[in-house]
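Single-structure report; data block below.
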Amino acid sequence: MTLNIYFSAAAKDWEAYQPLLQNDLTAAGFDIALSNTCPAPEAVDYIVYSPDGPLEDFSPFTNARAVLNLWAGVERIVANPTLTQPLARMVDPAGLTAGMVEWVTGHVLRYHLGIDAHIVNPGHDWVHVPPPLARDRKVTVLGLGELGAACAAMLSSLGFQVTGWSRTPKDIAGVRCLSGDDGLQPALTGAEIVVLLLPKTPQTENLMNDDRLGWLAKGAALLNPGRGPLIDDDALLRALDEGRVGHATLDVFRVEPLPADHPFWHHPRVTVTPHIASSTRPETASQAVVRAITAIETGQPAPHLVDRSRGY
């Protein structure tokens, strides 16, 4: 039986993914018809999708067994009323997760070691103050899903005092895991470096507001490679101006690309990175798509299904 797979993403992605998916699915033993056009929606078995593609109405795809999202985030699709098919988010340890772990680890070490002071030292000042050891640095990771758990585990392996917080209880070796409403304040209180890796939901929007930023250690560093709306932008700017937060490195924003006149671009205590903390890499993402299709075709549940009541 031939599997009909409709690829709905940006044109540049089709060029990258088409040969990879064709080769990987064929190597897995599937006879496939793969196309980025869709003349007969009712014949489609799987939709490989990203929100920057042309597909908006899923209702004609009456026989599609799953929609396989190429992005880790699903907030731009999960509330689509035409989407009745199972939706799976991208989980790719060899690509997405590895990239996020490297970005987070690099920027945590940057703050921990005080590297900026040595890179930007116009007076050539000789300030002989060594940094503390990792075991004396408190790091909190908000969000312990696939990405957050991997980052927390890596930071713990380097010796940091790592606290993780999530909506539901988690257990990660070497990480102090807190959860729920009662766990948030203890997770943030006294934290010197905070990493935001939560999904965007009504409950997480503006999570880091004036009150919660006030729970951090004075001069704390804030890293946001998760979702832009996790932070109340005005509250963060106030905290930076008052010295309550020492620096913020932000990779995601409410509007992207970040507008040229946004205060984050010009603030001396903000580093902007252009949504590069973690990206879907076609070589490994193609293999993740194959794993998902293989699971479904062999009678297993689709991996990494989105719970639409939670929004992720």
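Scanning the stretch 262-278 for residues that are hydrophobic (A, V, I, L, M, F, W, C) and not in a loop (DSSP other than H, G, I, E, B) returns 264, 265, 270, 272. Residues in the stretch 70-86: is at least one in contact with a Phe, Trp or Tyr (Cβ under 9 Å, 6 or more places away or on another chain) and charged (D, E, K, R)? Yes, the conditions are met somewhere in the stretch 70-86. Looking for whichever is assigned by TED's automatic domain parsing to the domain that holds residue 148, in a helix (DSSP H, G or I), in contact with a Gly (Cβ under 8 Å, 6 or more places away or on another chain) and modelled with pLDDT of 95 or more here; the options are 235, 239, 285. Which one fits? Of 235, 239, 285, the one residue that is assigned by TED's automatic domain parsing to the domain that holds residue 148, in a helix (DSSP H, G or I), in contact with a Gly (Cβ under 8 Å, 6 or more places away or on another chain) and modelled with pLDDT of 95 or more is 239.
In the stretch 27-38, is there at least one residue being surrounded by 15 or more Cβ atoms within 10 Å (Cβ to Cβ), among the polar types (S, T, N, Q), outside any helix (DSSP H, G or I) and touching an Asp or Glu at 6+ places or on another chain (Cβ under 7 Å)? No, the stretch 27-38 has no match at all.
Residues checked against (1) assigned by TED's automatic domain parsing to the domain that holds residue 88; (2) over 29 Å from residue 256 (Cβ atoms); (3) touching a residue at least 12 places away in the same chain (Cβ under 8 Å):
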site	(1), (2), (3)
6	yes, no, yes
12	yes, no, no
20	yes, no, yes
24	yes, yes, yes
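Among residues belonging to the stretch 156-190 that are within 23 Å of residue 209 (Cβ to Cβ) and of a type in the set (A, V, I, L, M, F, W, C), point out the one that is surrounded by the fewest Cβ atoms within 10 Å (Cβ to Cβ). Across the stretch 156-190, the extreme among qualifying residues is 184.
The values are calculated or read from the model by the stated rules, or taken from the named source; none is laboratory data. Since this is a predicted model, take the numbers as computed values, not measurements. As a convention, Cβ positions derive from the backbone with ideal geometry for all residues, glycine included, and neighbour counts pool all protein chains shown.
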